[in-house]
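Visitor: My questions all concern the structure below.
Each value in this text was obtained by applying a stated rule to the coordinates, not by laboratory testing. Worth saying up front: this structure is predicted, and the values here are computed from it rather than measured. Neighbour counts are summed over all protein chains in view; Cβ atoms, including those assigned to glycine, are modelled from backbone coordinates with ideal geometry.
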Amino acid sequence: MRFQHTLTRWLGALSLAAATVALVAACGGGDGGSNASANTGSGGGNTSAGGGSNGGSGGTPLASNQAAITVSTGVATIINMPTVSVTICAPGTSTCQTIGNVLVDTASYGLRIVNTAASGVLGSLPVSSVSGGALVECGKFVTSYTWGTVRTADVKIAGEQASSLPVQIIGDLGSSGVPTSCSNGNSPSNTAADLGANGILGIGPAPYDCGSNCTTSTLYSNYYACPNGNTSCQVTTVPLAKQVANPVPSFAGDNNGVIVAMNPPSGGSATGTLTFGINTQSNNALPAGVTKLTSTTAGDLTGTLLGRAITQAFFDTGSNAYFFDTGGSTAVSLPVCGNNSSFYCPSSMQTTTATVVGLNGAQASPSISIGNASSLFSSYGSAVPNLGGPFGNTRMLDFGLPHFFGKTLYFGMDMTGSGGPPPYVAL
């Protein structure tokens, strides 16, 4: 998921949500014939946070460093949305709320929760301040934006906890009076229905959502100082300690990476396991046979696809499809769908192999198979394999959730700031 002008890549599927729903409706697909309605609730305190009693990707009980991943109808019936439950608490207290349907995003950094999903604890979360005003963050997209305060919370996922973590609360200030430099004439996307989830759990390799880019200059900053609600807001620099932060590096242990293991889709949905830590416990060892590709802080690799160079390749559970441009190649036939140009609709399954290259020179050759989106939506429910679409005229390759089905991928955190190892993805 790409976030304009910063390292953050979240909610790339946001711009596709309406397109996805439109395509599902046009094709008569979506829920695979199920009559179950979408869960539009706010995620109350009785939602499981993932613990030892919940089944993982193999149906076995989960350990304290593991959370169950579910790909189902969610809050807005958007396909390929992997979610977990997250508990947020007022710092240092037992005033907590467990929130379900939080999107797992391996290509963004930090926790963001829709305000209505956290209504039971929101008033107890202190708002961060900067330059004499409340600290607010803007998320800019092609046709929409998000807006909300940065607050401090204790964040619990399974048996892990990040204490006093800066998180964003989306939509708590409303949309009236939002600075035009944020809204840019677009519509707000500040609700769970807009986002397709109650929040986003960004667990990519970067420890902060903007990093040093936002500490000394406002040029790349999406942070604002707002002394009077949405009025008089000014773009501001933000020290690292106040930036929305990735919870994983703040865990007391199991904090050097995450493992995403997904089962293939079955019965219209899919399950998986999010494991915290790599080589810290017996259940998170890095296998000897995997290829370890060091990446940028943003999680980017380079590579080749369809005979041309790729400048940014990344593995992204927060995107609901593979996204790449064919560059006019005749090696595959990938026309866009006639009723929706956001996805490919080939007449038969198209398979190609990409090459991805790490900063350490290591290489891997993942296979990509793309099917007809119209047929896929008619045949599957909430979890759809082999779905792909164009990425515009770019040299980017987004390995979205379909690539994760039936696989286990390992993501090492960027620990260089504390003298540790660089970030990596292992395939």
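Visitor: Averaging over every viewing direction, what projected area does the convex hull of the Cα atoms of the chain cover, in nm²?
Guide: Working: hull surface 77.2 nm².
Seen from a random direction, the Cα hull of the chain projects 19.3 nm² on average.
Visitor: Length gain on complete extension for the stretch Ser347 to Thr330, per 0.36 nm per residue less the alpha carbon to alpha carbon distance? List each step's numbers first, then the result.
Guide: Details: separation 17, 0.36 × 17 = 6.12 nm, distance 1.44 nm.
My answer for the length gained is 4.7 nm.
Visitor: Here's something else I'd like to know. I want to verify the translational diffusion coefficient of the stretch 90-135 in µm²/s; compute it with Stokes-Einstein, Rh as the Kirkwood radius over Cα pairs, at 20 °C and 1.002 mPa s. Mind showing how you got there, number by number?
Guide: Values: Rh = 12.7 Å.
Rounded to a whole number, D works out at 169 µm²/s.
Visitor: Relative to the first principal axis of the alpha-carbon coordinates of the chain, what is the inclination of helix 14-27, with its axis defined by its Cα atoms, in degrees from 0 to 90 and to the nearest 10?
Guide: For helix 14-27, the angle is close to 40 degrees.
Visitor: Further question: Which of the lysines could be linked to Lys292 by a straight reach, that is with a Cα gap under 16 Å, when you skip same-chain ones fewer than 8 residues away?
Guide: Of all the lysines, those that pass the test against Lys292 - Cα under 16 Å, at least 8 places apart if same chain - are Lys407.
Visitor: Please tell me the relative contact order of the chain in percent, rounded to the nearest whole number, where contacts are Cα pairs under 8 Å and at least six residues apart.
Guide: On the way: 1242 pairs, mean separation 81.0, N = 427.
19 percent.
Visitor: When the C-alpha atoms of the stretch 336-420 are aligned to their principal axes, what extent does each axis show, in angstrom, from largest down?
Guide: Principal-axis extents of the stretch 336-420 (Cα, largest first): 51, 28, 21 Å.
Visitor: Highest mean first, how do 415-425, 320-330 rank when packing is the count of other Cβ atoms within 10 Å averaged over residues? Kindly include the intermediate steps, with their values, before the conclusion.
Guide: Numbers: 415-425: 16.3, 320-330: 19.7.
Put in order of decreasing packing, that is 320-330, 415-425.
Visitor: Under a straight-distance cross-link criterion of Cα-Cα below 16 Å, which aspartates and glutamates are reachable from Lys242, leaving out those fewer than 8 residues away in the same chain?
Guide: Output for Lys242: Glu137, Asp154, Asp209.
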